[in-house]
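K.L.:
Pasting in a structure now, in structure tokens, and then I'll have a few things to ask.
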Amino acid sequence: MEESRSARIVLGANQYGKAEVRVVRVRRDGPRHELRDLDVSIALAGDLAEVHLSGDNGSVLPTDSQKNTVYAFARRYGIDQIEDFGLLLARHFVDSQPAIDRARVRLTEHGWQRLGPHSFQRDGAEGRTATVTVTAQRTTVESGLTGLVLLNSTDSEFNGFVRDPYTTLPETDDRILATAVEANWRHQDGEPADRTATRDWAGSYAGVRAALVGAFVDTYSRSLQQTLYAMGHRVLAERPEIVEIHLSLPNQHHLPVDLAPFGLTNPGEVFVATDRPYGLIEGTVTRAAEETAGPVAGWS
């Protein structure tokens, strides 16, 4: 009986890597310095059964070596667009390690505002992200952003919703709508014939961010779900290189303060901003399958 049970126990999907490698790269080849500040996380998968089953490390590239590769590549190749840096790393691990057939590199860039030729001020909570996945058959690039805080002081309502015995929320036809956008969007998949080829990642990122902000500003919102779809739709309508976008929008509630005890009215001017609990609205907006076929734009 015990042998029968053991025969059904197998190793499932697995990966390993180095997480949260912090690398700061300063380019000093002129009087005006350039600064890049990244967190890089690496996950490798492939023929790694023996290390789990017998402890044989013959196919394991140490995670410390992966960390060192990040630093060495930052020196050797520099860091411009995080998508390109992620592609360099992911391709390296798949190409150089016979046991590895998939490398996934996640990157978060911390922004700095320039104050002078060699002086900088750290940006706020907003960050730029990328996830690069490379296999022998496919290369996938996702770009993203986090911590983009947006607020409309009007043109938002919420009514007509389901009511049950536990519903106390009043309907409103005028409310503050605020959120901290987390978005991830996937570029058309593919591998360029020339691996040194690059794409306009910076232009694409700026265009997607502008579309997200523009849709938030322009949409009269009857629900945060409606706003989410309008934002995703605007991105796909304006950016043909994007296949799909996933949005996570926390509803940052602003509640009117009751000023009656102080003999004051509150005509929608004084609010308390609450950080928790909060509604969390998530969704993916994607193209129809037939629209995603074909070569990657800008790659031959």
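The values are calculated or read from the model by the stated rules, or taken from the named source; none is laboratory data. Note that the coordinates shown come from a computational prediction; the quantities given were computed from them, not determined experimentally. All Cβ positions, even for glycine, are placed from backbone atoms using ideal geometry, and neighbour counts span all protein chains on display.
K.L.:
Any idea how many residues of region 17-33 are crowded, with 17+ Cβ neighbours inside 10 Å and not basic (K, R)?
P.N.:
3
K.L.:
Also, quick follow-up: Collect the residues in region 129-161 that are in a strand (DSSP E or B) and among the acidic types (D, E), keeping them in residue-number order. Break it down into steps so the answer makes sense when it comes.
P.N.:
Looking only at region 129-161, we keep the residues that are in a strand (DSSP E or B), and these are 129-135, 139-152, 156, 158.
Correct list: E142 only.
K.L.:
Filter region 174-222 down to the residues that are modelled with pLDDT of 95 or more and either at positive phi or of a type in the set (K, R) (or both) and list them by number.
P.N.:
Once the filter is applied, which keeps residues that are modelled with pLDDT of 95 or more and either at positive phi or of a type in the set (K, R) (or both), region 174-222 yields R175, R186, R209, R222.
K.L.:
Within region 205-242, take every residue that is part of a helix (DSSP H, G or I) and polar (S, T, N, Q) and give me the one that is surrounded by the most Cβ atoms within 10 Å (Cβ to Cβ). Working first, answer last.
P.N.:
First, pick out the residues of region 205-242 that are part of a helix (DSSP H, G or I): 205-218, 224-238.
So of that shortlist, the ones also polar (S, T, N, Q) come out as 225-227.
Numbers: Q225: 14, Q226: 14, T227: 23.
The selected residue is T227.
K.L.:
Given the conditions (1) over 25 Å from R138 (Cα atoms); (2) in a strand (DSSP E or B), which single one is not true for D39?
P.N.:
Single failed check for D39: (1).
K.L.:
In region 49-93, how many residues are part of a loop (DSSP other than H, G, I, E, B) and either surrounded by fewer than 20 Cβ atoms within 10 Å (Cβ to Cβ) or basic (K, R) (or both)? Explain how you work it out, then say what you get.
P.N.:
Applying the first criterion (part of a loop (DSSP other than H, G, I, E, B)) to region 49-93 yields 54-62, 78-81.
Okay, now just the ones that are also either surrounded by fewer than 20 Cβ atoms within 10 Å (Cβ to Cβ) or basic (K, R) (or both), so 54-62, 78, 80.
Result for region 49-93: 11.
K.L.:
Here's a follow-up. Applying the selection to region 102-128, what residues are outside any strand (DSSP E or B) and in contact with a Lys or Arg (Cβ under 6 Å, 6 or more places away or on another chain)? Walk me through it before giving the result.
P.N.:
Quick first cut of region 102-128, residues outside any strand (DSSP E or B) only: 117-118.
Residue satisfying the conditions is P117 alone.
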